[in-house]
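Here's the structure we're looking at; comments come further down.
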Amino acid sequence: MNATPGAPARDYFALFQLQPELTLDEATLEQSYHALLAQFHPDLYAGQSQMEQRMAAQLCADINSAYQTLSHEVTRAEYLLSRAGVDLEAAERQGVGGEFLMKQIMLRERLEETPADDAAAREALHAEITTLYQSSRDGCAQSIAASDWSAAARCWQEMCFLSKLQEAARPEAR
Amino acid sequence: MVLLQIAEPGAGLDPDTKRKVAVGIDLGTTNSLIAHFDGASLQVLQDGSGSPSLSSVVYFGASDVRIGQAAMAQASAEPANTIASAKRMLGRARGEFEDDPYVTLAPGDTLAFATAAGAKTPVEVAAAILAALRERAEPQLDAPISGAVITVPAYFDDAQRQATRQAAELAGIKVLRLLNEPTAAAVAYGLDEQAEESSVLAVYDLGGGTFDVSLLRMRKGIFEVLATGGDSALGGDDFDRALADHLLAELALANPSSTQRRKTLQSARDAKEALTEQESVTLDVSDLAEALSEITIDRSVLESLIAPFIERTLHACRETLADAEVAAVDRVVLVGGSTRTPSVRQAVAECFGLEPLCSLDPDQVVAMGAARQADILVGNRAGDEALLLDVIPLSLGLETYGGLVERIIDRNSTIPVARAQEFTTARDGQTGLIVHVVQGERERVEDCRSLAQFELKGIPPMVAGAARIEVTFRVDADGILEVTALEQETGARSDVVVKPAFGLRESQITEMLKAGYEHAGEDMQARKLGEAQVEAEGLLAGLRAALAKDGDLLSDAELRDLEQNAAALEAVMDGNQPEAIRDATESLGRATETFAARRMDRSIQAALQGVAITDLESDQEQGDGR
């Protein structure tokens, strides 16, 4: 994730001067992001020496990547796990529990059976999925705070599944 | 590396600094423009006869080169020597144009036009247009141009952007930034850029050969492109061709000569323009066919011919709205000459549910926005300009097993951006790895655009899966990609700036530049020396300013080391050896790396300090995010 090959990566939380936690205030994160860009965007260095331009571009690339990663809960959780040294691929191989898997399959079936034009039914299903997602997210946040990485990894995978499902069930906006 | 002149947000231009002259250039498929912002007003620079636009047409005769209207005058007499719409061929492969009836290709593997002046690549055609614009501007502005912002369709891929940069280099123009056309238009319209309220702007940009749609959010001095979409091979030219094909069919010309084809195309273009105002138009076709002397075309005929193209643009609009995840758009702006067509306007209004804005000339708005941005980039900042955050239009990835694409950077990521991913070896004892870089949204490599292929060598023999190879993608603020592969154990590395597979080689450019300088009576060595001196002066001035402000960040030993390096540069600076100056500049640059990093950390803290203070108010306004 680092911008300079071979160099140690800049920690995304440290860059924004935030505690490495899943729960954070996204409005403040966005403000910090804009404040950093207002300082380091390459446009501010375009007239200066090539070396300065390059360095600003690298820092700005880090800032953009960090913001993109931290501004979404699922990728933020993934980043927290990977920076703690959790092997995400191994966690994926291990999978989620059978019970969650069944629940997920049933939700997907219900979604397929709900007609796209039945706004009320889709709304209800979407709300149900959102509640489940939030509970996995809260579980993930607590596990991370307690450094219980295997539980956190399981919750993170649930978040991945549920956020995709949530997206698919989103009532038509327009 | 160094980052010495940390910009102070809100700090204005030093009054002692002389204003530098920068321009904005809209290099269009059909017409090109050059504009200048002098700090107070924006002007599109006109030619001697008062025309703001230059036809993007170049005539390569046996003895001379003509550009614009003068080139167009040669179109019917020497069609093959008169190149139009070359922009749609920039950065593309020869294979894509082998069967195009409107172009005559030179023999060989590269995409080049056969002309009386020899084979000419699209890059050279574009360079001729850019040079003509520069020659138009310099006498009027009474100064050499320090730099230019050149606009490109947002949907241009990496190869097309590289080709545009090469064209500028050939034309002797320093590119401050490649700016996406819809973003430039938004800048020109961005009058209330400091507004507290956030608003979403859609830019619908249909030019001669390209279509772009971008959604931007503007708030408190930040212009953020949320998503962009489009088609880099769709535009008003397609309207002309559809109508020309219709005319050829009406005239029962099954096998038109290239002259007939050109004349028909010109008639179609005239008819399309006339139908913007009129309900029907009658064309004189007596010199095209014997059977008929005139043809009448109703607007409805044109509309049904172009409906499929308009539908394609609307499809892209809907996809972009979905990508941007915005519920509603506050304003829609029309850009590009093709938005004059009434049915285009109507379709856009229906798609967004809004009457589109077109208070600025749709042909000039892009150049105007570019000029404004150029003035900022060249250093004439007033301190209150909006910050532009642009995105890459297409995802970037690598080929993995089975011809599948592993995506590294998603489309609509804010640039500049860098991402690294780790790969490993598949076989025991594997010592090399082919890195194949592709661009596009499809899952299979063959459905994406191949950008580059290179090999990382020198991986120590290990069992399969043991090597750790980090591949880093870095996209700069121009949207241009650089890829690095690094084997973590041994440090074996291999990096490429992804060169356009279909563009010019570096050696070709150097040759052409040399020829150009000889032609202009300039000395390449003198120019190199000048450039090296400017770079060295900039670095030294920056270092002095940085030491004055943040010298406390250095130990005495570090300070002495820096001073020695600076003295070494000063010793060679006034000499006549550009290489020596460049080497000393680089070594001073390296010496300042630590200092620069510390200054950067200090200013990160300073930048975030402000946020912490405003925190409380914003929490109440905005709730907890989501």
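Its Kirkwood hydrodynamic radius, worked out from the mean inverse distance over all distinct Cα pairs, puts region A:12-71 at 12.1 Å. Between residue B:570 and residue B:450, what's the calculated FRET efficiency when r is the beta-carbon distance and R0 is 41 Å? Round to 0.05. So, using R0 = 41 Å, E works out to roughly 0.30.
Sort the following peptides by mean Cβ neighbour count (other Cβ atoms within 10 Å, averaged over residues), highest first: B:432-438, B:106-112, B:88-94. Don't skip to the answer; put the middle values down first.
Working: B:432-438: 18.3, B:106-112: 14.7, B:88-94: 22.9.
Averaged packing, sorted descending, gives the order B:88-94, B:432-438, B:106-112.
If the cut-off is a Cα-Cα distance under 24 Å, which lysines reach residue B:20, setting aside same-chain residues fewer than 8 apart in sequence? The reachable lysines, counting only those whose Cα sits under 24 Å from residue B:20, are B:174, B:528. Compared with the dominant principal axis of the Cα atoms in chain B, helix B:593-622 is inclined by about 70°.
When all protein chains stay in place and ligands, DNA and RNA are ignored, the 1.4 Å accessible-area order of B:602, B:560, largest first, is B:560, B:602. Counting only residues at least eight positions apart within a chain, or on another chain, the aspartates and glutamates with an alpha carbon under 16 Å from that of residue A:103 are A:112, A:113, A:128, A:158. Per the Cα gyration tensor, the protein assembly as shown maps to an equivalent ellipsoid with semi-axes of 44, 37, 27 Å, ordered largest to smallest. A simple packing score, the average count of other Cβ atoms within 10 Å per residue, orders the peptides B:230-239, B:180-189, B:463-472 as B:180-189, B:230-239, B:463-472, with the highest score first.
Which FRET efficiency value, to the nearest 0.05, do you get for residue B:174 and residue B:78 by plugging their Cβ-Cβ distance into 1/(1 + (r/R0)^6) with R0 = 41 Å? Please list the in-between numbers first.
Details: r = 34 Å, r/R0 = 0.82.
That gives a FRET efficiency of 0.75.
For chain A, the longest principal axis of the alpha carbon atoms and the long axis of helix A:26-40 meet at an angle near 20°. Under 8 Å for C-alpha pairs, at least 6 residues apart: give me the relative contact order for region B:327-410, rounded to a whole percent. Once divided by the residue count of region B:327-410, the mean separation gives 20 percent. With a simple spin-label model that places each label point 7 Å from the Cα along the Cα-to-Cβ direction, the separation between residue B:197 and residue B:290 comes to 6.9 nm. Normalised by the number of residues in chain B, the average gap of Cα pairs under 8 Å and 6 or more apart makes the relative contact order 15 percent.
Relative to one another, the C-alpha centroids of region B:414-440 and region B:536-570 are positioned 38 Å apart.
Projecting label points 7 angstrom from Cα along Cα→Cβ for residue B:257 and residue B:349 puts them 4.6 nm apart. For chain B, a Kirkwood radius taken over Cα pairs fed into Stokes-Einstein (37 °C, viscosity 0.692 mPa s) yields D = 122 µm²/s.
Put the Cα centre of region B:357-376 next to the Cα centre of region B:329-346 and the gap is 15 Å. Shielding by partners for peptide A:19-27, expressed as the average number of C-beta atoms from other protein chains within 10 Å of each residue's C-beta, is 3. Relative protection proxy for A:87-95, B:45-53, from highest mean packing down: B:45-53, A:87-95 (other beta-carbon atoms within 10 angstrom). Placing a label point 7 Å from the Cα of residue B:422 along the Cα-to-Cβ direction, the residues of region B:468-486 whose backbone N falls under 17 Å from that point are B:468-473, B:485-486.
Rounded, prolate or oblate for region A:88-169? Axes are the square roots of the Cα gyration tensor eigenvalues, ordered a ≥ b ≥ c, and the cut-off for rounded is a/c under 1.5.
Prolate, since a/c reaches 1.5 and a/b exceeds b/c.
Given axes a ≥ b ≥ c from the Cα gyration tensor, I'd like to know whether region B:324-428 is rounded (a/c under 1.5), prolate (a/b larger than b/c) or oblate. Oblate. A 1.4 Å probe over all protein chains sorts B:390, B:287, A:117, A:138 by accessible area into A:117, B:287, A:138, B:390, starting with the largest.
Residue by residue along B:415-423, Cβ atoms of other protein chains within 10 Å of the local Cβ number 6 on average.
Taking 0.36 nm per residue of sequence separation and removing the Cα-Cα distance, the residue A:89/residue A:17 pair yields an extension gain of 23.1 nm. Across the protein chains, with a 1.4 Å probe defining accessible surface, the residues B:317, B:358 rank B:358, B:317 from largest area downward.
Shielding of peptide B:591-599 by partners, expressed as the average count of other chain Cβ atoms within 10 Å per residue Cβ, is 1. Legend note: in chain A, cysteines whose Cβ sits 4.7 Å or more from every other cysteine Cβ are A:60, A:160. For residue B:358 and residue B:466, the difference between the fully extended length at 0.36 nm per residue and the C-alpha to C-alpha distance is 32.9 nm.
Once the Cβ-Cβ distance between residue A:121 and residue B:327 is put in as r, and R0 is 25 Å, what FRET efficiency do you end up with, to the nearest 0.05? About 0.70, to the nearest 0.05. Computed from label points 7 Å out along Cα-Cβ, the spacing between residue B:548 and residue B:47 is 4.8 nm. Using the rule -39500 (n - 2.57) for each DSSP H run of four or more residues, divided by the residues of chain B, the 222 nm mean residue ellipticity is -12500 deg cm²/dmol.
The values are calculated or read from the model by the stated rules, or taken from the named source; none is laboratory data. These numbers come from a predicted model, not from an experiment. Counting neighbours? That spans all protein chains shown, and the Cβs are built from the backbone with ideal geometry, glycine included. To get the accessible areas, we keep the full protein, side chains included, count just its heavy atoms, and leave off ligands, DNA and RNA. Shrake-Rupley method; radii C 1.70, N 1.55, O 1.52, S 1.80 Å.
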